[in-house]
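Trainee: Encoded as structure tokens, here's the structure I'll be asking about.
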Amino acid sequence: MPTRVGGAGDNGAVPLYRDDAIVLRTQKLGEADRIVTLLTRENGKVRGVAKGVRRTSSRFGARLEPFMVVDVQLHVGRSLDTVTQVETIGPYARPICDDYGLYTAGAPMLEAADRLVDAEREPAVQQFWLLSGALRALAGRDHAPSLVLDSYLLRALSVAGWAPSFTDCARCGAPGPHHSFSVATGGAVCARCRPPGSPAPAPETFALLAALLTGDWAVADVADQRHRREASGLVAAYAQYYLERTLRSLRHVDRTVPVPAHRPDLEA
Ligand SMILES: [Zn+2]
């Protein structure tokens with residue numbers, strides 16, 4: 001439940017609530033306003049109006065950019081709530097947007113979170129912590145950006161109910177390791193359950209996928225490029241399948257070649 005700062009009761013106070021939030025996307029509204037889509041910890045996905053934020057004098061415009069983790073106060077509106085206060089918790093927008101490799105890994109995370117959490121005003125505690133942790137790791141360059149993305153996608157999909165299996169057979173549960181991978185079946189498949197045409201990734205790729213799913217960075221960080229690429233392809237296919245529509249931004253992730261940094265326009 002939202003923390004009510006002022007009650008909606010007889011005293012006529014405006015109902016307010018406060019929550020931790022990650023800015024997923026923004027849209028222009030009128031001359032100076034913006035609609036921000038937030039993944040909040042206690043209220044799930046929230047769309048709110050941020051008034052005057054596109055004016056240069058705005059106090060909190062920069063805090064409401066995609067990738068920012070903030071402590072936000074909103075006042076309840078009839079259709080959209082209005083953002084009344086914003087404090088920065090994780091200033092990740094600048095480091096991520098200033099680096100092409102970080103940005104192309106980060107954008108699909110925001111997009112996936114947007115798809116995985118509905119605007120039902122229910123707590124999204126696990127999804128919130130997963131995404132804020134992944135953005136912190138990305139901005140801090142703790143691991144290769146593509147590994148952070150792949151680990152985030154696997155874990156976010158698992159929380160949403162689509163946990164893959166990379167060891168035991170995803171269909172019959174026969175103990176692994178197995179040789180084949182089937183996106184539609186849910187990961188590793190044994191010789192009997194294997195649908196025709198299933199790819200057979202390298203054993204090291206299965207080990208990397210399992211490490212990304214559990215957050216075993218000691219294993220993931222030392223995986224070689226070939227297995228990272230193979231794992232990334234499988235994660236992208238898995239994510240696309242279970243998000244039921246193409247993650248547009250996944251296609252732009254360059255997982256190998258460093259590219260000069262620039263700042264993409266984040267506005268829709
Ligand atoms: Zn099986």
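Trainee: Compactness ratio of region 3-90: Cα Rg over 2.2 N^0.38 Å, N = residue count? Working shown, then result.
Mentor: Numbers: Rg = 12.5 Å, N = 88, 2.2 N^0.38 = 12.1 Å.
Dividing the Cα Rg of region 3-90 by 2.2 N^0.38 Å gives 1.04.
Trainee: Under the √(5λ) rule applied to the eigenvalues of the Cα gyration tensor, what semi-axes describe the equivalent ellipsoid of the chain? Give them in Å, descending. Spell out each step's value before the answer.
Mentor: Values: eigenvalues 284, 88, 40 Å².
After scaling each eigenvalue by five and taking roots: 38, 21, 14 Å.
Trainee: Of all beta bridges DSSP finds with both residues in the chain, what is the antiparallel percent, to the nearest 5?
Mentor: Working: 34 of 37 bridges.
Expressed as a percentage, antiparallel bridges in the chain total about 90.
Trainee: Another question, then. What helices in the chain pass both tests, a Cα length along the helix axis of 20 Å or more and a mean Kyte hydropathy of 0.5 or higher, using whole DSSP H runs? Kindly include the intermediate steps, with their values, before the conclusion.
Mentor: On the way: long enough: 100-116 (24 Å, 0.19); 125-139 (21 Å, 0.93); 145-159 (21 Å, 1.06); 225-243 (26 Å, -0.70).
Those that clear 20 Å and a mean of 0.5 are 125-139, 145-159.
Trainee: While we're looking at this one, here's another question. Would you please give the FRET efficiency between LEU29 and ALA237, computed as 1/(1 + (r/R0)^6) with r the Cβ-Cβ distance and R0 = 35 Å, to the nearest 0.05? Could you put the intermediate results ahead of the total?
Mentor: Details: r = 36 Å, r/R0 = 1.03.
Calculated value: 0.45.
Trainee: For a paramagnetic label modelled at 7 Å from the Cα of ASP221 toward its Cβ, which residues of region 89-129 fall within the zone defined by backbone nitrogen distances under 14 Å?
Mentor: Inside the label zone: nothing.
Trainee: Moving to a separate point now. Tell me which residues come under 5 Å, amide H to amide H, from GLN85 once H is placed; ignore anything under 5 positions away on its chain.
Mentor: GLN73
Laboratory data are not the source of any read-out in this text; all were calculated from the coordinates shown. These numbers were taken from a predicted model, which means no experiment stands behind them. A quick note on method: Cβ atoms are made from the backbone with ideal geometry, for glycine too, and the neighbour counts reach across all protein chains shown.
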